[in-house]
Each structure stands twice: as structure tokens, then as C-alpha cells.
Amino acid sequence: MDYFLIWLSVSYSVILYSPLIAAQQFEYRSHICTNDSTYTANSSYPSNLNATLSSLYENASRSDDFGSISVGQNSDRVSALFLCRGDNSSESCRGCIKTAREEIKILCSNYKEAIIWYDRCMLRYSNRSIFSFKDEWPRAWLGNKNDIGNDIDQNQFNSNLGGLMFQLISRAASSSNLFAMGDRNGIFGTVQCTPDIPPSDCRICLSGRVSEIPSCCSGKVGGNVLTPSCSIRFETYPFYTAPPAPPPPASSPSPTTPPPTSLNPSGMDFIHYHF
């Protein structure tokens, strides 16, 4: 589904589209290269960067959803990390990180600090420490191109969306990988933080992103708010991979006498789902 970029901080340079990105199987979201930090080809930084990005891919190949590493010393030190969406398969995670590491070097050539987001992963690197603290800048807001329309009550939609998001935040903050997904009244959502930050910071970061939805995606059927430490997304279709349903309980032996007549005139039982 096509997206349009609603906002990006003017202090960062951004390229919104690349034919190389469009050719990939992973949906590109955004990337940002900082304007005030570049490296020269004869420094140690490019070789350290290549070593760092290669190590990140190796970490992803070991079926990890998150990885971080630093290479080098002083001003040529490179710190980098990646995060795959919590419902990813290991194969999908590896593929997304492979794409991200190749594209970020092209899109942000000669920059010492950059970040790139796809629908299934995020990768960032910097010449400063980026580990174990809540980082909410830079950020990107993206909104679905489709409006809610007159067939849906927008106030009710917003109420359902807010209820879903804060339910997911609570679940993510208490989970081991700081990720949660779920749906409510036809709205599907995911929230996620990098697992190197404390759950309390994760909750703050995600709550801040939810508060930006009116600015980002008001009246839209979907939206995506992205920062280095956390992200949220919602749509009116299931864009994530739901876990398999638990097997049904073992059937009981057939009764020897006919069952009583059902009180449900349709002949079907109602099923209630709780999230």
C-alpha cells in the first residue's frame, strides 16, 4: 500500500524514493541522514562501518530480532543496531537487514549517522553511543493515503484506535521483547521498542507516538509513527503475521442419547474473543 510522508524534521536530509528500494520485497518506510556528520574515504570510519553492518547481518542470521555492535576507536568508532518486527520469521528478518544494510550505504553515503526503516525492520548507525537509552529523534510520520470516509464514525474510530494502542502499549511494556500486536473493532496495530531500553522508557516512548496520531494520521485508515527507540502502526487490515490459533480441545465421546434442542435459532454458538 502506498504511503505518503507527512512530516520530517527540517534538520535532516531525506530522499523519499529510490528505484533500488522499490525493487525490494520489503516495504520501505523512510530514511534519514544527518546533515552535520560526514566521513572521508581515507579515514577508518568507512571500513569500520562496513565491518559493523556485516556483523549486524550475521547477528540477524542467528535468528535474533535485535542486535547491536560497536567497531573502532575515538572519532572513527561506529555504533550500530538493528530491530526486526516482533512477528518476523528468522528468514524475513535476515532478508530485511540484508536489504537495509545495502540501501543505507547508498542512500546515506559518507554520513556518519543514519537510520532506515522498512515495514519489517529498522537499522541505524552513528559515531556516538546509541545503546540503552530512549532516543525519540529523528522521527518520521507516515499516513495511509485513504481517508476513513463517511461510512465510519470518526469519533468512534478514534476511540477504538486509542483503546487498542494503549492496550498494546501495556502488553509490550510487560513483554520480553517489548513488542505487541492485536486488533480491536476492525483496527489492527503493532507497537514495538528496541529491547535495550527499560520497559518504563518503552511505555513513555510509545505513549508519545500515540499522542502524535492526530497530527500524523487524523482521518486516515492507517498510520505509522517511527523513531529510533520505538514505533507504532495501525491499519484497517491485518498487516502482521498472527500467531497460529491453539488447537481445539479434544472432542468428547458422542452422546448415546440425542442432544437437547439448541436454544440458538441459527444453530450456531457465539464465540467471544478477548484481547
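We did not get these values from a lab; they are worked out from the coordinates using the rules stated. Predicted model only: the values in this text are computed from it and were never measured. Neighbour counts run over all protein chains shown; Cβ positions are idealised from the backbone, glycine included.
Summing charges over neighbours of GLU113, with a neighbour being any other residue whose Cβ is under 14 Å away from its Cβ, gives +2 when K and R count +1 and D and E count -1. What the phi angles of the range 92-108 give under the Karplus curve with 6.51, -1.76 and 1.60, with θ = phi - 60°, is a coupling list of 5, 4, 4, x, 5, 5, 4, 4, 4, 5, 6, 6, 5, 5, 7, 6, 10 Hz, glycine and proline written as x. Ordering 195-206, 92-103, 42-53 by mean Cβ neighbour count within 10 Å, with the highest value first, yields 92-103, 195-206, 42-53. Among residues other than SER54 with Cβ under 12 Å from its Cβ, the summed charge is +1 (Lys and Arg +1, Asp and Glu -1). Once backbone amide H atoms are built at 1.01 Å from N, SER30 has TRP117 as its partners under 5 Å, excluding neighbours fewer than 5 places away on the same chain. In order along the range 155-167, the phi-based Karplus estimate (6.51 cos²θ - 1.76 cosθ + 1.60, θ = phi - 60°) of 3J(HN,Hα) comes to 5, 5, 4, 5, 5, 5, 5, x, x, 5, 4, 6, 5 Hz; Gly and Pro are listed as x. A straight Cα-to-Cα reach below 16 Å connects LYS220 with the aspartates and glutamates ASP2, ASP147, ASP151, ASP153, GLU212, GLU235, residues fewer than 8 places away in its own chain not being considered.
What shape does the range 10-126 have by the C-alpha gyration tensor, where a ≥ b ≥ c are the square roots of the eigenvalues, rounded means a/c under 1.5, and otherwise prolate means a/b greater than b/c and oblate the rest?
Since a/c reaches 1.5 but b/c is at least a/b, the shape of the range 10-126 is classed as oblate.
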